[in-house]
Amino acid sequence: MFKLKLPTDPKWVRNVVGKNIPEILTDHAWCEQKAATNAISIVVKFPELTDLVQEMISLAKEELSHFEMVHNLIQKRGFELGRERKDDYVGLLYNFMRKGGARNEVLIDRLLFAAMIEARSCERFKVLSENIDDAELASFYNELMISEANHYTMFIGFARKYAGSIDVEKRWEEWLAYEAQVIQNFGVKETVHG
């Protein structure tokens, strides 16, 4: 569905994530917060696109509810929410995003940037749900995987809707190729994208 060029090795769950559940949960919580912030940022930058604004408001609320769900899980297990972490993967994707030029180009790349993060997060949640030795977390990540897939679809849909003369499919292929180069350097840390 996402056409990710480099799938996550299930060993990431067994060798890295399974050893430090509090760390992956803390990282995941902050990923949800950042996703909510990104949705609000899109509203601020493109307030004239009423349908996009409405969807971003709903998305921000949903992402904050996911943050709360992860935080509740952290508390239930007797852990503490750690400090926010820098997400190097997202930082590298951000560097690829067009930030100047025509307003429409900036919008499309912002939407594809978000779609890329959602696609990889969905894929990681799938791998987690299928390979973690924790029934509660397996079910939790399976549920969130579906949500992330819907987010990816929404961002791609808006990119196509507002593309104008931009070839969204070509640009998405460029994003996929770039992301494949980036992700090959990750998969060794107990973070959602690490």
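The values are calculated or read from the model by the stated rules, or taken from the named source; none is laboratory data. The model shown is predicted, which means the values in this text are computed figures rather than measured ones. Quick reminder, even Gly has a Cβ in these numbers, built from the backbone with ideal geometry, and neighbours come from all protein chains shown.
Among the candidates ALA102, ALA29, ALA36, single out the residue that is aliphatic (A, V, I, L, M) and closer than 27 Å to LEU6 by Cβ.
Result: ALA29 is the single residue among ALA102, ALA29, ALA36 that is aliphatic (A, V, I, L, M) and closer than 27 Å to LEU6 by Cβ.
Report yes if GLU48 is of a type outside the set (A, V, I, L, M, F, W, C) and either without any contact (Cβ under 8 Å) to a residue 40 or more places away in the chain or over 19 Å from ALA149 (Cβ atoms) (or both), otherwise no. Talk me through it step by step, then tell me what you get.
Details: of a type outside the set (A, V, I, L, M, F, W, C): yes; either without any contact (Cβ under 8 Å) to a residue 40 or more places away in the chain or over 19 Å from ALA149 (Cβ atoms) (or both): yes.
In short, yes.
Closer than 23 Å to SER147 by Cα and without any contact (Cβ under 8 Å) to a residue 12 or more places away in the chain: which single residue out of ASN95, ASN72 fits that description?
Working: ASN95 fails: closer than 23 Å to SER147 by Cα.
Being closer than 23 Å to SER147 by Cα and without any contact (Cβ under 8 Å) to a residue 12 or more places away in the chain holds for just one of ASN95, ASN72, which is ASN72.
If I ask for residues that are in contact (Cβ under 8 Å) with a residue 60 or more places away in the chain and surrounded by fewer than 21 Cβ atoms within 10 Å (Cβ to Cβ), which ones from the range 14-37 would you list? Before the answer, list the steps.
In the first step, residues of the range 14-37 are kept if they are in contact (Cβ under 8 Å) with a residue 60 or more places away in the chain; the result is 14, 16-24, 27-28, 31, 35.
Answer for the range 14-37, where residues must be in contact (Cβ under 8 Å) with a residue 60 or more places away in the chain and surrounded by fewer than 21 Cβ atoms within 10 Å (Cβ to Cβ): ARG14, VAL16, GLY18, LYS19, ASN20, ILE21, PRO22, GLU23.
Do we find that PHE186 is of a type in the set (Phe, Trp, Tyr), assigned to a helix (DSSP H, G or I) and over 17 Å from LYS3 (Cβ atoms) in this structure? Steps first, answer last, please.
Details: of a type in the set (Phe, Trp, Tyr): yes; assigned to a helix (DSSP H, G or I): no; over 17 Å from LYS3 (Cβ atoms): yes.
Taking the combined requirement at face value, the residue does not satisfy it.
Could you look through the range 58-113, keep only residues that are among the acidic types (Asp, Glu) and within 17 Å of ALA36 (Cα to Cα), and pick out the one that is surrounded by the most Cβ atoms within 10 Å (Cβ to Cβ)?
In this case the residue turns out to be GLU63.
List the pairs whose first member sits in the range 132-158 and is over 19 Å from GLU68 (Cα atoms) and surrounded by fewer than 14 Cβ atoms within 10 Å (Cβ to Cβ), whose second member is of a type outside the set (S, T, N, Q) and modelled with pLDDT under 95, and whose Cβ atoms are under 7 Å apart, counting only residues at least 6 apart or on separate chains?
ASP133/GLY18
Please give the number of the condition VAL16 fails out of (1) over 19 Å from MET116 (Cα atoms); (2) modelled with pLDDT of 95 or more.
Evaluating VAL16 over (1) over 19 Å from MET116 (Cα atoms); (2) modelled with pLDDT of 95 or more leaves (2) as the failure.
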